Every structure is written in C-alpha cells, then in structure tokens.
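The values are calculated or read from the model by the stated rules, or taken from the named source; none is laboratory data. Because the structure is a prediction, the values reported are computed rather than measured. Every residue, glycine among them, receives a Cβ derived from its backbone with ideal geometry; neighbour counts consider all protein chains shown. We work out accessible area using only protein heavy atoms, side chains counted, and drop any ligands, DNA or RNA first. Shrake-Rupley method; radii C 1.70, N 1.55, O 1.52, S 1.80 Å.
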Amino acid sequence: MKNRILYYSTNRNFDNINGIVPFRGKVTFREALLQGQAPDEGLYMPNRIPRIPYDDIISLKNKPYTEAAMLVTKIFLGDEIDTGILRKIIEDSYPFTIPLQKVFDRKYIMRLDQGPTASFKDFAARMMARLMSHFRDKEKILNVLVATSGDTGSAVGEAFKGVEGIDVSILYPRDEVSERQKKQLDTIGDNVRSLSINGKFDDCQDLVKQAFSDPSLEYLNFTSANSINFGRILPQMVYYFYAYAQLCRRGESIVVSVPSGNFGNALGCEYARRMGLPIKKLIMPTNENDEFPRFLKAGIYEKLSPSLACLSNAMNVGHPSNLARFFELYGGTIDRTGKVHVYPDTETIRKNIYSVSISDEETKKCIKKTYEEYGTILEPHGAVGWRGLEIYLEQYGDFPLCLSLETAHPAKFPDEIVELLGIAPAVPDSMKGIDEREGKSLELPADYKIFKKYLIDNLKSRA
C-alpha cells in the first residue's frame, strides 16, 4: 500500500549508542507490535502522523466509544488488518463505559477506571492483546515481558490471560506497589507469572530492556506490553478524541491534564494534538519524581536515580521511557540510560506542554479539597492530574473547557481514601473478590544475570 505508515527507531541516526549498531530500517505495524522495541534499544515511531479532519472528529458526538476507536486506529493499521476483524477486536476490547464527570463549570474528569482492572491501562492492554493474538506467528510462543510500577501489570496480565500462544512475565518493584495491587498481580495465574523485584521500577524496566537487546535470547520471541511498544500508545490516543467530541462546542480548544509517569498516556495526547485535535495545552503533572518539570524550566535533562516512592506509585519513574519519543517529536535524541545526544526544541515544547511536580502533601490536600468542595473522590494519580490543572489555571487564567484524567479507581487505594476522607470508596464489580484470591510471586534481585537465567530456564519459544 503506497501510503502505508511504517515505523522507525528513535536511535537510527547515532552510531554505537551503548555499543549497539543503529537500526536504520523501517518496519510495519505488525513487526513493531510483535518486536516491542527496536533492535538498537530505540523506540518505534510512525514515519508520518496522519491528520483527522475536524468534521470527522466532531461527528463522534453521541456515538459509542468503539466508533472513536475505529476512526483513530484504522488510519494507522491501514491494509494490515481487515476492517471487519479490526471492528471485532475493538468491540471485544471495550465493553465498558467511559464516564465524563463534570466537577464544576466546564471542568471535567474523564474516568478511565471502569475496565476489568479498574485502571486506564485496560484501554491499551485489551486491544494490544487482541492485536498480538491476531498478528502472531502461530507456530511460536510469544513471550511478553512487562515492567510495572502499579497498574500496567495487572491490566496486561488480565488482558493476556488464557490467550493461546502468548506467555507473560510481569516485573514489579517489591516495596512500591499497594497491597491490593500486589494481590492483583500475584493472583492472575494461568499463562501469567509475576516477578517481585528487589529494586525500583526503573530497575524492572532496565531488566526488560536488557533482555530485549540481548542477542542470545532472540529465540524466545520477546515483545513488550509496556508503553515502549507503540501498540500500547495507539489505543491511548482514542479517548482524547472521544472526550473532546462529547464535550466541545464547535471550533473551541481544550486544555488536557494527564498525570504522568512513564509518559505513554501523555504521548497519546501529544499524537492526538498532531493529528488535528485542538488541544490548547497538554499539562503533564508529575509526582515528586520531577525530572521533566525541571527539564522544561532549566533546559537541561537529568534523570532522577533512584526514583522516589510517592503515593501515586504508578508514576514513580525517574527516567520515563517515552521521553525518547517526545524528544524525537521535537527534534532531539535521548537513549534509555538518560543520556541526551541531541536536545529537542525546548521552546516549542514549552508552548505546547506545561509540567509541574506535585508533592505527596499537595496530593493529599487535593483529594480532601476536591471531595469537600465538589463531592468528587479522586485517588492519588487523579489528584496529581487535577492539582496540576488547578496550578496551570492559577498561573495562566481560566480556560472554558478543561479535562483531567482519573487513571485508577479510588477503591485501589482504600487506606489513603479512608485516612483522608473518612469513607471507604465503593468497590467496583471488577475488583470484588480480589482479596480472597490466592497466588504468589517469584522474588528476584535486580540483577540481569539472575533474571536471564530465569528466562532461559522457564520460557518456551515454540508452540
């Protein structure tokens, strides 16, 4: 197909980054999806970003979410998948609602917590699992490696559970997930294994990236379900189009606040803007892991190592993987170690993106204040997003239409909510019975040699 979108590596232009030969070719969506990461440790990027006509965007008003998903994903997948098969995948991926909750005036929260694991990660993981199942080589076992700081692992595990020909290994930092998150991760079972790593999320992420780039393990057919995989980013573009179409007045812009950790969710919003969604400003609030707001302020990037343990634990990231894609989009290059090879156009980034660090104390105050003033219950990640929006509006003045993302259900953080509000958040159907489930993780140190031995001893390559 003449206008097919192909995918290239963010490391393509630089010789011997970390001693690895740059990959200068282009691959199809199927290849990018199944490989997860480029052979040179770079992240795959589309070689062009398609535009969606404004009238097509606003035509989604009052239509189901699946129509927005078809509009956005079809233009990336093109002729690689039959339209009927894609529609079936989408309808099977999204049988749940996406509430747009008005807080006051035209300030809204998009609740992405209605899926089977009560996390926004369900949106990407469910579609990715079905696409991988469709595209995979039926004679091989596909081994998914995923590092999680909280919700990614359970969403991916549940999405891939029981999928024929795909095995999943989930790595999480032992001391930085909530008890309920740990219970979710350790009890998925079937073809999904959980590995409790004695380290930080960045350690888990680095173990996964080293395995991907280890030529001696190529026979294990690795792929990623983290947001280093473009197959995770694509579904995360969709809900920005959906929300805008439901909330907008014709021709107006929107301010969007996305609580940010590994930057995949915010990247979906950045792509949506470049595809024609009229986003006035993308707000990317972080928790106390403030390497990105410091970079925007000073123009110099320094990763935070080790990352800090905060209430919004899924955002405890000291060097976001998807920063490489943001740098690429703005003319720069950064590798997985955090070394900047070419700085991006920082001034243009500042025009489009605002970032601020929200402390744990501010997060707690925001949860209390938002409940007391508006009766809205936020969990820590959503509170970081909402407080970031408040600070932006305080600094730059009010804006008519604003959207902030709630990325996990408050019931995933019952201790914090009870302590701050004196009430226990209602448990959604998807989480009932979790505390009674049984399962156990395998404990490993943050040591690549030991992790590699685990992979060799436990993973299969052929169906």
- Message: In whole Hz and in residue order, list the ³J(HN,Hα) couplings for segment 421-430 that follow from phi through the Karplus curve 6.51 cos²θ - 1.76 cosθ + 1.60, θ = phi - 60°; x for Gly and Pro.
- Response: 10, x, 10, 9, x, 4, 8, x, 3, 5
- Message: What translational diffusion coefficient, to the nearest whole µm²/s, does segment 325-463 have by Stokes-Einstein, given a Kirkwood radius computed over alpha-carbon pairs, a temperature of 20 °C and 1.002 mPa s viscosity?
- Response: 110
- Query: Taking every DSSP beta bridge that has both residues in the chain, what percent is antiparallel when rounded to the nearest 5?
  - Reply: 30
- Message: Below 8 Å, C-alpha to C-alpha, sequence gap of six or more: please give me the relative contact order for segment 1-92 in percent.
- Response: 30
- Task: Pop a pseudo-label 7 angstrom from the Cα along the beta-carbon direction at both K102 and H341 and give the gap in nm to one decimal.
- Result: 5.0
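What's the long-distance tail for the chain, i.e. % of Cα pairs beyond 29 Å? Intermediate values should be presented prior to the final figure.
Numbers: 46447 of 106953 pairs.
Value for the chain: 43 percent of Cα pairs lie more than 29 Å apart.
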- Message: I'd like to check one number: the per residue accessible area of segment 173-216, probe 1.4 Å, reported in Å² as a whole number.
- Response: 36
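Where Rh is the Kirkwood radius over the Cα pairs of segment 5-161, the temperature 20 °C and the viscosity 1.002 mPa s, what D in µm²/s does Stokes-Einstein return? The partial results should precede the final answer.
Values: Rh = 17.8 Å.
Here the translational diffusion coefficient equals 120 µm²/s.
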- Task: Using the heavy atoms of the protein chains and a 1.4 angstrom probe, tell me the accessible area per residue for segment 75-136 in square angstrom.
- Result: 34
- Task: Please report how far the C-alpha centroid of segment 155-231 lies from that of segment 387-453, rounded to the nearest whole angstrom.
- Result: 18
- Estimated vicinal HN-Hα couplings, Hz - segment 29-44 in sequence order (Karplus 6.51, -1.76, 1.60; Gly, Pro = x): 4, 4, 5, 5, 5, 6, 7, x, 10, 5, x, 9, 6, x, 9, 6
- One finds the C-alpha centres of segment 306-374 and segment 51-67 to be spaced, in Å, by 29
- Item | Mean residue ellipticity (222 nm) of the chain, computed from DSSP H runs ≥ 4 via -39,500 (n - 2.57), nearest 500 | -12000 deg cm²/dmol
- Task: May I have the pair-distance distribution P(r) for segment 1-90, computed from all Cα-Cα distances with 5 Å bins from 0 and rounded to whole percent?
- Result: 2, 13, 19, 17, 17, 12, 9, 6, 3, 1, 0
- Message: Under 8 Å for C-alpha pairs, at least 6 residues apart: give me the relative contact order for segment 120-188, rounded to a whole percent.
- Response: 37
- Note on the structure: Computed on Cα atoms, the radius of gyration and Dmax of segment 114-187 in angstrom are 12.4, 38
- Query: What nm distance separates the two modelled labels at L6 and S359, each placed 7 Å from Cα along Cα→Cβ?
  - Reply: 5.2
- Semi-axes in Å, largest first, for segment 171-236 (Cα gyration tensor, √(5λ)) are 22, 15, 14
- If you place +1 on the Cβ of every Lys and Arg and -1 on the Cβ of every Asp and Glu, how big does the dipole about the Cα centre of the chain come out, in debye to the nearest 20? 1360
- Taking placed amide H atoms and a strict 5 Å upper bound, the residues 5 or more places from L142 or on another chain that come that close are I166, D167
- Using alpha-carbon pairs under 8 Å, 6+ residues apart, how would you state the relative contact order of the chain in percent? 19
- Message: I want to check a number: in segment 198-318, how many lysine pairs have alpha carbons closer than 30 Å, given a sequence separation of 8 or more or different chains?
- Response: 9
- Item | Counted charge near N143, where neighbours are those whose Cβ lies closer than 12 Å (Asp, Glu -1; Lys, Arg +1) | +3
- Task: Apply the Karplus parameterisation 6.51 cos²θ - 1.76 cosθ + 1.60, with θ equal to phi minus 60°, to every residue of segment 186-191 and state each ³J(HN,Hα) to the nearest whole Hz, in sequence, with x for glycine and proline.
- Result: 7, 10, 5, x, 6, 8
- Of all accessible heavy-atom area on segment 60-175, the percent that carbon and sulfur account for (1.4 Å): 47
- Carbon/sulfur fraction of accessible area - segment 323-416, other protein chains in place, 1.4 Å, %: 47
- Cα-Cα P(r), segment 199-268, percent of pairs per 5 Å interval: 3, 13, 18, 18, 15, 11, 8, 6, 5, 3, 1, 0
